[in-house]
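What follows is a single structure, written as structure tokens, with notes after it.
The values are calculated or read from the model by the stated rules, or taken from the named source; none is laboratory data. Note that the structure is a prediction, hence the values are computed from the model and not measured. Using ideal geometry, Cβ is built from the backbone for each residue, glycine included, and neighbour counts are taken over all protein chains shown. Calculation scope for accessible area: heavy atoms of the full protein, side chains included, ligands and nucleic acids excluded. Shrake-Rupley method; radii C 1.70, N 1.55, O 1.52, S 1.80 Å.
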Amino acid sequence: MGAKTRQNPLGRILVLVIPVIITCVSSLAAEPTTSTTRPATHLSREDWVTYTDKPHHLKYQHPKDWLEQPPSAYPSFISPTTKTGSKDPEAVLSINTKYLGRVPDKSGKIGSLTELEQSVPDFKVVENGEGRLGQFPCSRLIFTSTYKGAACKTLMLDFTRRGRAYMFKYRALAEAYDRFSDIAEGMAESFEVEISKD
């Protein structure tokens, strides 16, 4: 009868623990800010109104109680509610476009994260990935920052076609962001643009 092989209990523990450690480290190493296209919102837009920007061939919808800010080249629409103790709106939605010249088509980004970090107070990325602005694939960035002394959260969507950049921006007080986010997503979904093929 052969001699019994003595098993090392420490070896058993290492065999069980090392795979768990590797799994945990892999999870921590994953990029937390990468995102994919958000599913379409089911918010009804039946009572929304259509805004048409003829000079830039843009068209999109917004809730009728969101007021257009004083006339400008690219109007913003503000929430009907305001910040407590202030006349400032809780949220602002806007879409604008800018001619960039002879640049390749791309899904983003207008400006770099470095530029935002340098120009936006307390800038911090929450989500950075891909999305859609109307029918167009675009970059999707969500970040927190300080604006006029208040903590805010912002969604930016942008893409470039035929030398022109298109950008959607939704900024809200941090505590109001989720309350208006479906409206922002609905406005982005309604975006239409006629891009010249000349």
Test Ser181 against the stated conditions and say whether it is outside any strand (DSSP E or B), on the phi < 0 side of the Ramachandran plot and in contact with a Ser or Thr (Cβ under 9 Å, 6 or more places away or on another chain). yes
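Among the candidates Lys109, Lys98, Lys197, single out the residue that is open to solvent by 60 Å² or more (accessible area, probe 1.4 Å), assigned to a strand (DSSP E or B), at pLDDT below 90 and over 27 Å from Asp47 (Cα atoms).
Numbers: Lys109 fails: assigned to a strand (DSSP E or B); Lys197 fails: assigned to a strand (DSSP E or B).
Only one candidate qualifies: Lys98.
How many residues, within the stretch 53-77, are open to solvent by 40 Å² or more (accessible area, probe 1.4 Å) and on the phi < 0 side of the Ramachandran plot? I'd like the intermediate steps shown before the answer.
Step one: filter the stretch 53-77 for residues open to solvent by 40 Å² or more (accessible area, probe 1.4 Å), giving 54-57, 59, 61, 64-65, 67-74.
Within this subset, residues satisfying the condition of being on the phi < 0 side of the Ramachandran plot are 54-56, 59, 61, 64-65, 67-74.
Going through the stretch 53-77 one residue at a time, the tally reaches 15.
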Output for the stretch 184-194, where each listed residue is surrounded by fewer than 17 Cβ atoms within 10 Å (Cβ to Cβ) and not in a loop (DSSP other than H, G, I, E, B): Glu192
How many residues of the stretch 127-151 are in a strand (DSSP E or B), open to solvent by 40 Å² or more (accessible area, probe 1.4 Å) and under 21 Å from Lys83 (Cα atoms)? The answer is 4
Inspect all residues belonging to the stretch 112-126 and state whether any of them is modelled with pLDDT under 95, under 24 Å from Tyr51 (Cβ atoms) and either within 14 Å of the chain's Cα centre (by Cα) or open to solvent by 60 Å² or more (accessible area, probe 1.4 Å) (or both). no
What residue, among those in the stretch 156-174 that are at pLDDT below 95 and in a loop (DSSP other than H, G, I, E, B), is most open to solvent (accessible area, probe 1.4 Å)? Arg162
